[in-house]
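Read the structure below first, then the notes.
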Amino acid sequence: MNNTQLKRRTFVSVTALSVLTVAAPVLRAQPQLEKTRISISVGGKAVFYYLPLTIAEQLGYFDSEGLKVEINDWVDGARALQAVVDGSADVVSGAYEHTINLQSRGQDFQAFVMQGRAPAIALGISPKTIPNYSSVADLKGKRIGISGIGSSTHMVVKLILARAGIKEDEVNFIGVGTTVGALTAFRTGQIDALCGVDPVVTLLEQKGEIRIIADTRTLKGSMTVFGGTMPAGCLYAPLDFVKKNPNTVQALTNAIVHSLKWLQTAGPGDIIKTVPESYLLGDRALYLAAFNKMREAIATDGILSAEGPRTAVRVLASFDPAIKLDKINLGKTYTNEFAKKAKERFKA
């Protein structure tokens, strides 16, 4: 063997050793997942409220974290939550305020990554059935469509009605789901008003079929309705699950934060190519218009601000006597531990 060959072999050996030395800590830094198969329950997966969940699924971000995720889609958030309460799913993709409602009933659930920093929910009336609408007081005695009883859309309507002095039993709430069911119910006159989400609300707006009277699809609109920052869609689970499965929870959080980062720079074409065709309701231009209208409501890093939970509990207590401000421990309803680690991992 000549000197050149010896030097080449020595260089390759040293290089390989260096790679192994560098790679070893990375491998050790990947903790073993307590659970690799996870069931996520969601109410209305196709709506923008849960777009980060869909992006994480479609782009394989859960798979990249070593997770095999099954997403079970329900007609509304309340039923999605019940699936986890009953033990048929592990995690809920749903509204943060549900963790407060649950705690008031003695059940500890904790949100660990935020998908939406505003609810992106709008309340509108039908000019056909309420042609002379002038104020919220005109909703008294009317039929109001919501995704389902106990859902986030239900919460928004109750807040708006309470501020107008209208009691919950003075209107008729009708569960219509979030997509085609809501659209059909509104257009056929089964309901007089709709508290819904996009893309359905934007579709009705573009056709001149709805008059919006309250809108939380922008940060400014959300601030107007709630009087403060209002967290929206999150991944949350029983507190015991979060404590017993920290590595799995971190992996779920990583996937969502990864999707949030992708959404910050994704163009219209990227969105259309990534979401399932059925989400578009047969109209790509409409879908993109709806996305642009609520885009700023999507969270940027998965972290809940300290103000958000305080706003949520204050809002709930304003119309729900079961929510006692001095009895709710907000610190148990959310954690930023996992989202902060994920943010650090995916920062530019």
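Across the range 98-179, the convex hull enclosing all Cα atoms gives 122 Å³ per residue. Length available on full extension from K68 to Q190: 0.36 nm per residue minus the Cα-Cα distance, which gives 39.9 nm. When the Cα gyration tensor is reduced to axis lengths a ≥ b ≥ c, the ratio a/c is 1.5 or higher for the range 204-344, and with a/b not above b/c it is classed as oblate. Accessible area of D138 (1.4 Å probe, protein heavy atoms only, ligands and nucleic acids ignored): about 50 Å². Screening the chain for whole DSSP H helices of 24 Å or more along their axis (Cα) with average Kyte-Doolittle hydropathy at least -0.5 returns 3-28, 246-265. Rounded to the nearest 10 square angstrom, R143 shows an accessible area of 80 square angstrom against a 1.4 Å probe.
Straight-line cross-link reach from K128 at under 12 Å between alpha-carbon atoms covers these aspartates and glutamates, not counting any fewer than eight positions away in the same chain: D192, E209. Around the amide H of I213, modelled in the peptide plane, lie the amide H atoms of L123, G124, I125, all under 5 Å away and 5 or more residues distant in sequence or on another chain. Charge dipole of the chain (Cα centre as origin; +1 on each Lys and Arg Cβ, -1 on each Asp and Glu Cβ, all else neutral): 940 debye, rounded to the nearest 20.
Backbone amide hydrogens, once placed in the peptide plane, bring N72 within less than 5 Å of I40, S41, V42, excluding anything fewer than 5 places away on its chain. When the chain is described by a simple charge dipole with +1 on each Lys and Arg Cβ and -1 on each Asp and Glu Cβ, the residue from G116, F173, Q250 located farthest towards its positive end is Q250.
Taking a point 7 Å from the Cα of F346 along the Cα-to-Cβ direction, the residues of the range 260-274 with backbone N closer than 12 Å to it are 260-266.
Between D86 and T218, the C-beta separation translates, for a Förster distance of 35 Å, into a calculated FRET efficiency of about 0.45. Here is how the number arises for the chain: DSSP H runs of 4 or more residues each give -39500 (n - 2.57), the sum is divided by the residue count, and the result at 222 nm is -13500 deg cm²/dmol.
The ellipsoid that matches the Cα gyration tensor of the chain has semi-axes, each √(5λ) in whole angstrom, of 43, 23, 16, with the longest given first.
Can you flag which of K158/K324; K158/K332; K220/K340 are past 19 Å Cα-Cα? The answer is K158/K332; K220/K340.
Here the range 97-180 is treated with +1 on each Lys and Arg Cβ and -1 on each Asp and Glu Cβ, and its dipole about the Cα centre works out to around 200 debye.
Normalised by the number of residues in the chain, the mean separation of alpha-carbon contacts (under 8 Å, six or more apart) gives a relative contact order of 26 percent. Note on K293: aspartates and glutamates with a C-alpha under 12 Å away, same-chain residues under 8 apart excluded, are D198, E205, D215.
Judged by the mean number of other Cβ atoms found within 10 Å, the most tightly packed of the peptides 65-76, 124-135 leads the ranking 65-76, 124-135. Computed about its Cα centre, the charge dipole of the range 219-348 is approximately 300 debye, with only Lys, Arg, Asp and Glu carrying charge at their Cβ.
The values are calculated or read from the model by the stated rules, or taken from the named source; none is laboratory data. Everything quoted here is computed from the prediction, not taken from an experiment. As a convention, Cβ positions derive from the backbone with ideal geometry for all residues, glycine included, and neighbour counts pool all protein chains shown. Surface areas here come from the heavy atoms of the whole protein model, side chains and all, with no ligands, DNA or RNA. Shrake-Rupley method; radii C 1.70, N 1.55, O 1.52, S 1.80 Å.
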